[in-house]
Structures are given as structure tokens and as C-alpha cells.
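Encoded as C-alpha cells, the structure appears first; notes follow it.
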């Protein structure tokens, strides 16, 4: 049952705030303290007024999921049982969540549960609102769901605005409102809207139940002029007769972002002193607020270099003056600069040098640009960043398509000494050798049978030399196959003559085919097969390299076999090594295929090296570049909107092409584009040199060496046999 409540101007204010700013939300989290004593009467009235306001919205047909957290039932050390319940205008249900995170306060876990089931508005009625802010930031750092919250409403009684609103965590939640009774020590501020009138609100609106409708009509307000400085003060205990002040954090501006700003005051006669906007849009116009940006140098996305004061584009992060000491160019740099021009913010940049993306380790240590984002030394980083640390950072919408290709060795010309064997494939050569041996065996068999017939029919008594006959047959068949005579050949039988005639007919075509292909190879160079796909690359023993490990960080944990092999083949090398490796015929270099169709490459890639290189037809992988910020960065939704506008209108591609033309070598770029299109420089017919016949020369030399070696062996055997015969003769004479 909802409690009954006496109508006061506090109740009127709360119902007005909730009706105007929270009625359109689908879910609201209310954090309150159930320990109500004599010193917290105003907080009890806050709580009752909030309950009454949502009761009225429920009776009007507004379905809002309410989640309640009573901090008095929580154990601050994280060891007690949590009192977290949710309701849809009064209907309770249990809230479940995976409690596998380390936390210091159980309120942190309860807020995390609420955030992970879509919570759009937050209302607190606490004596220590800072505790809730720390719990909310814990949820921001660990929540799975990352919807940007709409509004925060803090109902306070004894907390000073100057202390609460100076909390740096509130920088993540700029749309908040602090409601507190006015005291003598409250600091007065100028109204940012410049309105100095008050509005009387119809008191009937706050408790009258209307028909179930999505809108509520108010009676026409009456306005009178009343300076804010004339507002009366009263004791906090007499809350029915005091002014209720409405505060917020300044957030905007070049300085004083943590200052408390008094927006308006609600008087006991149920009128506003100024009728100011209580939730002003602080992010549309940042009024010179400083944005701490980190950036590497990676052409064409970002180029950040220190320059003499006054000729740069932005100011350095480690400087407090406005001297413009950093030149900040590039397609993504223009994206960031144009965003700050639209939103009126001021960039202070931290340049990290070339290829220094950095790394975030499991032990929470970090290096480089991404490490500074993790440690919050910078708010946002940009510079061809992929989705590497989405679980611990916040990423923007996709900006540009970026793919990794490999600049590898071009097809190599076959060695000239292989010219004699290249006309036929290895399989064909094996087939020809076996055919020669088979024909030699057939010829040997014919001659052996002929010798047997001579012996039987004619009575010729001669011993058939099998080894000599087979050797002669092999030599004869080899000579026939190369269309050369092998010396005197006796063909006494019809079978031998017929067999040889058939072989001659077959080898004419074979010899002409071989000689024609050989002539073609000798005049037009023949090249090896191109390794122009990732599938072929993964089957070679070559390695490839780039200046940073982030080139393979996307595929480092891939379950695709081809990507796993390519990640293992990767090496991180410096620019000097990469320059020398660009001329090697067994090494590849990583290059990037840009969204505009151009290529991004380092200074180590030069035009002379491209004469023996090709660009892979397919990509190793592709990803989308993003900006990365600290979790909960409030400007990310606006930056996402700016990204979409620049990409859809073609501005980003225009900036990219402009930077490519300015910083990358045009000749090298044109050669690389030709290589990517499949263009290969065709060599003209060449004159024959001694190298072209080196294969035949080597064969001749090898044959001479073997023949000489065999001749020496024959001489040795001859003299050995002669010497052995002399020894036998001497022994016989001595015996006689």
C-alpha cells in the first residue's frame, strides 16, 4: 500500500520534477536510506513525496519499472545480504545478477545489477550521496550494458553543494540536479540562462489524478519578477517554510568545471524564482571545455608532431597556455578537430609518436596511448584503433574500414640452368625415363630372342652378352628419343625394324614439342607461381613483419587455421630492418588497404623495392577503426553522431585522400596500386647468353667428368689385370 502524505511545497516540487523529467523513462532506480530519525525529517518527506509522485504516474497509466535500494539494509564491507528490489509501479520481483566481481561496498553490486537491466533515471535520498556516486562509477566501469543515463536527481538535506558537486565522478554524469534546502552558507551563483523571474505552479496539479494519458496539462502560470538575492532563509528544521535550492555542477567552460552552480530556487508559495531549465544540455555547447586527447602518428589517420609555438593546430596536454605547439593532421585528426569546432571544446593533445598504440596487460599495468586511456591520463584516444579492449574501454561507432594486406616477393625467374628440363613437367620426365627403359628392355628382348633363333636354326655358336646388350639397347633408345644416331645398329629381324620405326614416329612429335617449348623459354623468361593469396602464404616458410604487435592482435586468438599460421609467421621489427627486408625475395611486409582505395605504408617501403614485389589479392583480415575513451565518457554519443555525419557526407574519405597525397610518396603509391590491380611488368624478348645454355654446358661437363672417371677406372682395371697376369706367369716359371 502506498502511504498517505500531507501536501507541502516540497511535495509539489518533487512531483513537478518527476512528472517533467522522469515520466518518459521506462525504468528508474531509487536509492534511499531507511534509517529515518528526527534529524532527517526532510529526507522522510522526500521519500514520501517520491512515492506519491510515482503513484500518481501509475494511476495516469504510465508504466515505469521502479527499482528500490535501501542502503540501511546493506553491509558496507560487501559481506551482508543486499536489499535490492524492483517493481513496476508497486509489483515486486527478485533481481538476479552474477556476483563474480570484486567490490568494496555492497551498494556497488546493487547499482551494477540495476544498470545491467536498463535503468534510465536515478533518484537518491541519502545523507551521503558521494557513496552512491562511487557505486555508480563502479557500475560504469563493469556493466555489460552501456546505455548513457538520462537524468540524476539528488535529494539532500545536510550536504553542502560546494562539496558534493565538486566530486570529479560527476564529470561522467553531467545531467544531474541537486535538491537541497537553502542555508545561510549556501553560495549564490548567477543564472546561466539569464532569467530573473519566478513561475507560480498550480498546486492542484501535484495531487489531482487525471485520466490515463501520456501527457498532463498545466494551468497557465503567472509570473512576477523577484531577484534571487531577495530569497529568504530559514532553519533546515522548519522545512515547510524554507526555499528549496536547485544546484548542478558547472561542467562547461575552460576552467572551474567542478564548481557548484545554483540554477533556481523553489519558494514555499510554490513558485520558481527564475523558471530556469533545471536540466540544461551541457554537452551541446561545451563553452571551451578542455578535452584531453591522445594520438599516435600513423599516416593517413593521424600525424601529431611538436612544432614551434603559434604554427600548430592544437595545444599540448602538458602545457597550460594556448601556444598551439602541436601540428595535428590526418583523417581522424580532422574528425576530432571538427567535433570540437562544432561542440565548442578545446583540444589538449598528448602525442605518442609513431606506432605507439600501447598495451593493457592482465595485471592492470599498461603502456602507450591505450595505457593512458586506461589510467585516465587522457579522456579519448584516436588513431587507427581496432576493437581490442572493448571490455575495459569505451569505443565509438566505426569510422573507416581498414584491412591488412601483405607486400610479398613477386614471382621469381627460374634459374637459367633449368632451361633444359623446364619444357616438361617432373611427372612427364619420369614417364619418359620409364618409357626409354621399357623400350630398351623390349629391344634387348628382341635381340636376345634373335640370338636364340640364330643358335637353334643356323647353329651359330656365340655367347650372348646380356649386360652389354641391355646397355646398347638403352643407348639406342635414348638416341632415338632425342632424334640422334647411336652408331652402327644391326636390325637383322623384322621385329626390331618394325619396333624402331614405331618409336621414330612417336618421338618426332615429342622432339618437336620439346624443342619448341625450349625455344620459348630461352627467349621469354619463365617465372615461378605467384604467392598472392593468404592461403598460399600460409603454406610457405616465409615470414612477414611490421613495426608493432597490434598488426596481429586482432587475429592473435583466432580459431581459423590460416590466420593462426600467419600470426605465428609475424615478427616485430624496426624501420631499418624493414627497409633492408623490402629487397629480400623471401620476406613480406604488412601494408594497410584504406577505405578510399589507397594504401598506407611506412617509409621503409620505397619504389625500387617494389620492382620485385606484389600485393596480395585478398586481405589477411579487416576491421573497423574507432576512437577509444574511458568508460562512461559523456561525449561519446555526440561524437558517434559526428562520425556518422562525416562518413555519410564523404568528408572522411576526402580528408583521407588529402593526407595520402600530402604525406605518402606518390610514385610508390601509384606502383602499389598497379600491383594491386594485377599489373606485372612484362620483360621483352632477351638475347641468349652463356647463362641460358648453362644447363646444357653443365650436362656436358658432368658427362665429361663421369666419362673421365670411368676411363681412369678402366685403365686402372686394365693395368691391374695385366699386373696380375704377370705375377701369375712369374709364379708359374718359378714353379717350373
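The values are calculated or read from the model by the stated rules, or taken from the named source; none is laboratory data. Being a predicted model, the structure only gives us computed values, none of them experimental. Heads up, the Cβs are rebuilt from the backbone with ideal geometry, glycines too, and the neighbour counts pull from every protein chain shown.
Couple of notes before you dig in:
- Across region 64-76, the number of residues qualifying as part of a loop (DSSP other than H, G, I, E, B) and either modelled with pLDDT of 85 or more or at positive phi (or both) comes to 1.
- Among the residues of region 367-393, the ones that are assigned to a strand (DSSP E or B) and buried (at least 19 other Cβ atoms within 10 Å of the Cβ) come to 6 in all.
- Subset of region 541-550 that is farther than 15 Å from residue 592 by Cα and touching a strand residue (DSSP E or B) at 6+ places or on another chain (Cβ under 9 Å) - its residue that is surrounded by the most Cβ atoms within 10 Å (Cβ to Cβ): 542
- Subset of region 122-148 [assigned to a loop (DSSP other than H, G, I, E, B), farther than 23 Å from residue 49 by Cβ and touching a residue at least 40 places away in the same chain (Cβ under 8 Å)]: 146, 148
- Matching residues, region 149-165, being out of contact with any helix residue (DSSP H, G or I) (no Cβ under 9 Å at 6 or more places or on another chain), assigned to a loop (DSSP other than H, G, I, E, B) and surrounded by fewer than 22 Cβ atoms within 10 Å (Cβ to Cβ): 160
- Any strands (runs of 3 or more DSSP E) falling wholly within region 294-359 and containing at least 1 residues that are assigned by TED's automatic domain parsing to the domain that holds residue 371, closer than 30 Å to residue 669 by Cα and within 21 Å of the chain's Cα centre (by Cα): 303-306, 345-354
- Checking every residue in region 27-38 against the condition of being out of contact with any helix residue (DSSP H, G or I) (no Cβ under 6 Å at 6 or more places or on another chain), under 26 Å from residue 106 (Cα atoms) and surrounded by fewer than 19 Cβ atoms within 10 Å (Cβ to Cβ) gives at least one match.
- Residue in region 298-308 that is crowded, with 21+ Cβ neighbours inside 10 Å and closer than 30 Å to residue 248 by Cα present: no
Residue-wise test of (1) free of Cβ contacts under 8 Å to residues at least 24 places away in the same chain; (2) over 39 Å from the mean Cα position of the chain (by Cα); (3) part of a loop (DSSP other than H, G, I, E, B); (4) buried (at least 17 other Cβ atoms within 10 Å of the Cβ).
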| residue | (1), (2), (3), (4) |
| --- | --- |
| 247 | no, yes, no, yes |
| 256 | yes, no, yes, no |
| 263 | no, yes, no, yes |
| 269 | no, yes, yes, no |
| 274 | no, yes, yes, yes |
| 277 | no, yes, yes, no |
| 280 | no, no, yes, yes |
| 285 | no, no, yes, no |
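- Helices (runs of 4 or more DSSP H) completely within region 556-652 that count 3 or more residues being closer than 30 Å to residue 342 by Cα and touching a residue at least 12 places away in the same chain (Cβ under 8 Å): 636-648
- When every residue of region 77-94 is checked against the conditions, none turns out to be in a loop (DSSP other than H, G, I, E, B) and at pLDDT 85 or above.
- Scan of region 572-597 for residues that are within 19 Å of the chain's Cα centre (by Cα) and either at pLDDT 95 or above or surrounded by 14 or more Cβ atoms within 10 Å (Cβ to Cβ) (or both), ordered by number: 572, 589, 590, 591, 592, 593, 594, 595, 596
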